[in-house]
1. Among DSSP beta bridges lying fully in segment 269-425, give the percent that are antiparallel, nearest 5.
2. Over all distinct alpha-carbon pairs, what is the Kirkwood Rh of segment 250-405 in angstrom?
3. Under the rule of at least 5 residues apart or a separate chain, name every residue whose amide H is placed under 5 Å from the amide H of F147.
4. Per-residue HN-Hα couplings for segment 417-431, Karplus 6.51 cos²θ - 1.76 cosθ + 1.60 at θ = phi - 60°, whole Hz, x for Gly and Pro?
5. Are any of the pairs K325/K404; K242/K387; K172/K337; K328/K403 more than 24 Å apart by Cα-Cα distance, and if so, which?
6. Out of the total accessible area of the chain (probe 1.4 Å, heavy atoms of protein only), what percent is carbon and sulfur?
7. Rounded to the nearest whole Å², what accessible area per residue is found for segment 6-133 with the 1.4 Å probe?
8. How far is the Cα center of segment 222-254 from the Cα center of segment 261-314, in Å?
Amino acid sequence: MNIQKNQEYIVEIIDNGYEGEGIAKINNFTIFIPGAIKGERVKILIVKVLSSHAFGRLLEVIEKSDERQEADCSTYKRCGGCNLRHIKYEETLKMKQNAVQSLVNKTLKNKIQVQKTVGMENPFHYRNKAQYPLGINKDGQPVIGVFANRTHEVIQMEKCLIQNAKSEEIAKFILEFIKRNNISIYNEKTGKGLFRHIVMKAGIKTNQIMCVLVINGKTIPKETLLIEELSTKFPEIKTIVKNINMKNTNVILGQENIILYGNGYIEDKLGEYTFRILPLSFYQINPIQAEKLYNLGVEMAQISKEDTVFDLYCGIGTISLFMAKYAKKVYGIEIVKEAVDAANENALLNGVDNTEFYAGDVEVVLDDLINNQGVKADIVMFDPPRKGLDKNSINNILKIKPKKIVYISCNPATLVRDLAEFEEFYDIKTIIPVDMFPWTSHCEVVAVLNLKESIDI
């Protein structure tokens with residue numbers, strides 16, 4: 001059958017893909033259909049045809065899955081924030097487990113059974129960081145919200161069920177101030193206008209809030225009044241920072257921060273530790289699940305007081321401090337200098353004195369530690385960006401052959417690709433997905449590898 005764009009078909013959904021999309025076959029030709037669920041019979045419209053597969057738009061669900069539910073968000077179909085709200089939560093956890101298992105089966109020699117996804121007891125309002133773009137609606141009025149899926153059109157925010165509710169309330173208050181005082185909104189096409197983004201960070205355990213005002217300029221009209229109104233109405237706000245971003249770029253935050261109120265940071269607690277969070281430093285978006293993830297990683301690492309640990313891509317030192325309690329020494333490496341400064345402050349703040357943090361590219365610093373300084377690790381922990389590990393770092397880790405590797409990943413595809421590089425020398429003992437981003441297809445995974453007994457160190 002020749003699949004044509006703009007043709008309608010009735011198909012059976014045989015599986016769900018990595019992004020949660022439905023998968024159907026027409027004469028063995030694969031069709032991907034967002035919004036469809038395995039087991040359903042649906043009517044679709046073909047919207048794009050490629051040589052190996054096509055994409056369809058869901059027109060009608062003829063036979064509904066028992067796992068389907070009504071989406072509880074008015075902007076769900078247009079917003080790119082969530083893509084699984086039409087599926088019951090427990091089923092989304094199974095889908096994530098299956099997606100990781102599929103990658104394991106395709107890539108690894110050891111077809112290890114992926115464990116059940118660690119879910120969230122209350123999978124709502126979990127995000128501690130919100131980035132709200134500002135735009136102009138069709139009536140010429142300033143609006144705040146989220147970018148429409150795969151575009152830079154701003155969808156007006158109504159009520160988001162994954163963002164922190166207080167952060168949303170504060171962002172809406174700032175929008176009203178902008179409108180009341182006729183402050184201009186940045187236009188991506190012209191590069192004109194002042195207000196670009198409002199970034200909110202919240203301490204989930206401490207209830208402290210940071211407000212970052214991202215502007216295309218140096219000053220905000222009636223700036224003093226805005227600070228006074230915000231700090232008076234919202235005592236949760238512990239700091240307000242003005243971020244200068246005058247570049248024609250999609251990057252949200254510029255490099256210059258000016259503290260308008262407070263100390264320029266907030267604090268939150270993970271486990272027994274207190275962490276300082278700054279405007280530019282990375283901190284896990286979902287601290288409730290991050291605590292579970294880190295505890296899993298530390299528990300499975302089985303660290304002892306004789307062990308030296310490398311923590312690669314350490315951020316502000318969150319998991320470094322979790323491990324330091326059990327280890328002889330922890331070396332953390334992170335490319336963002338501000339994050340390393342925060343990691344040192346966090347160690348001091350928590351009375352931890354057996355950590356050492358390095359600012360720089362992991363590939364370069366790790367190479368220097370191992371090959372020039374002669375430092376070896378008994379355990380290596382890493383939590384890299386989505387692109388995964390570089391070849392040089394993998395080779396250096398294999399050179400020192402730590403007895404155990406703990407790999408935390410926000411991208412199961414690159415995780416499994418990298419695990420394959422270690423299989424010759426390591427047994428992959430455990431793979432556990434953790435649902436850090438409920439109602440989305442994103443999945444965090446922790447994997448533990450043990451050096452094979454037959455390998456000489």
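The values are calculated or read from the model by the stated rules, or taken from the named source; none is laboratory data. For clarity, every value in this text was computed on a predicted model and none was experimentally measured. Cβ sites come from the backbone with ideal geometry, for glycine too, and all protein chains shown count toward neighbours. For the accessible areas, the whole protein counts, side chains as well, though only heavy atoms, and no ligand, DNA or RNA atoms are used. Shrake-Rupley method; radii C 1.70, N 1.55, O 1.52, S 1.80 Å.
1. Roughly 10 percent of the DSSP beta bridges within segment 269-425 come out antiparallel.
2. Hydrodynamic radius (Kirkwood, Cα only) of segment 250-405 equals 16.1 Å.
3. Counting only residues 5 or more places away or on other chains, the set is I155.
4. 4, 6, 4, 4, 5, 9, 4, 5, 10, 10, 8, 7, 8, 8, 10
5. Where the Cα-Cα span goes over 24 Å, the pairs concerned are K242/K387; K172/K337.
6. 48
7. So segment 6-133 comes to 54 Å² accessible per residue, rounded to a whole number.
8. Result: 26 Å between the Cα centres.
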